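First the structure, in the form of structure tokens, and then the observations on it.
The values are calculated or read from the model by the stated rules, or taken from the named source; none is laboratory data. Computed from a predicted model, the values in this text were never measured in an experiment. Reconstructed Cβ throughout: ideal geometry from the backbone, glycine too, with neighbour counts over all protein chains shown.
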């Protein structure tokens, strides 16, 4: 049986399509490293900076009656600008660059030209890619929605030149809206401290009836969660519940647009406009805070993040149905930003799945059986509202896939 020779497996060498023969070829490989030495220390530290570019050295030759013409073609190829394609006998097709001058020697007696070529593998010219921060964009559009809501309120609210009952009714409407935030009708809002700042904000608002813009800014400031992100200890896992609580607050029937007045006098009409403007301002500012809170919520669990996204998007859609042109644009911008942010951040998050223990057993055992990590018992207990971690009933449990 015939045996194949090594030379039969080698590829014909060429550079930029110009062929040549190879007498000797070498390659230098390794890692880039930086040696850090420190005064008064006998040990140093070597920092690995990644793979070093491969360096190739090729000793080629050209023979035949036209060896000079062959050599000239190869030399012209070596002088062309930019990386070139090298077909290496052992390593195949490579993209390389000439790092030093190639050296050519001609031997008339042998009819041969010898060329020494030092190459280095070529890399890619890459620039840092610029990507937007989707949470930051959500917070920007939330601020824009709040500004639009205040501007609409200032354009509509008015008590000047009307009978006293118009201002009295507006005062009652604002006080009622303030009380909704601290009455406990919506759970999960305690951390915003509405009860502590309600009296001062309400007193300030009552003094600004003559300036609707300042009044709107005071109401928005009362409802704002600004500053909470830097002072709220352990807030990471509480932003999502806060956002959902704010969505529920905005959806209260008490904040809906009131019915049109039965007696349609200019004063009664302005009472209705003031009440509508107040409720709309509160709803839209609350939704703006929900958008900001959602941007700070961790996206660790896909199902929970998508649920938050859908609930907040639906609330923004519902609010946009009767919004002014200015607020409609701000609401749609907020909806788009929320959808983009929460979708992007939840893409690689853990999913929820359901398991059912075979019998009543401690949460430690359940965690070890599923995760091979007994330390995960706390998540199982909290997620499923288990009363005692030592006795997990054999009922379906929601657990993370990883």
* Yes or no: residue 56 part of a strand (DSSP E or B), within 20 Å of residue 23 (Cβ to Cβ) and assigned by TED's automatic domain parsing to the domain that holds residue 29? -> yes
* Would you please name the residue that is modelled with the highest pLDDT, looking only at residues in the range 210-235 that are part of a helix (DSSP H, G or I) and over 20 Å from residue 149 (Cα atoms)? => 228
* Could you figure out which of (1) part of a helix (DSSP H, G or I); (2) in contact (Cβ under 8 Å) with a residue 60 or more places away in the chain isn't true of residue 171? => (2)
* Exclusive hit being more than 29 Å from the chain's Cα centre (by Cα), at pLDDT 90 or above, outside any strand (DSSP E or B) and surrounded by fewer than 12 Cβ atoms within 10 Å (Cβ to Cβ), set 101, 110 -> 101
* Asked: When you look at residue 335, is it loosely packed, with under 13 Cβ neighbours inside 10 Å and either at pLDDT 85 or above or out of contact with any helix residue (DSSP H, G or I) (no Cβ under 6 Å at 6 or more places or on another chain) (or both), yes or no?
  -> no
* **Residue check, residue 113 touching a helix residue (DSSP H, G or I) at 6+ places or on another chain (Cβ under 7 Å) and assigned by TED's automatic domain parsing to the domain that holds residue 25** => yes
* Could you identify the single residue in 363, 330 that is surrounded by 14 or more Cβ atoms within 10 Å (Cβ to Cβ) and closer than 27 Å to residue 143 by Cβ? => 330
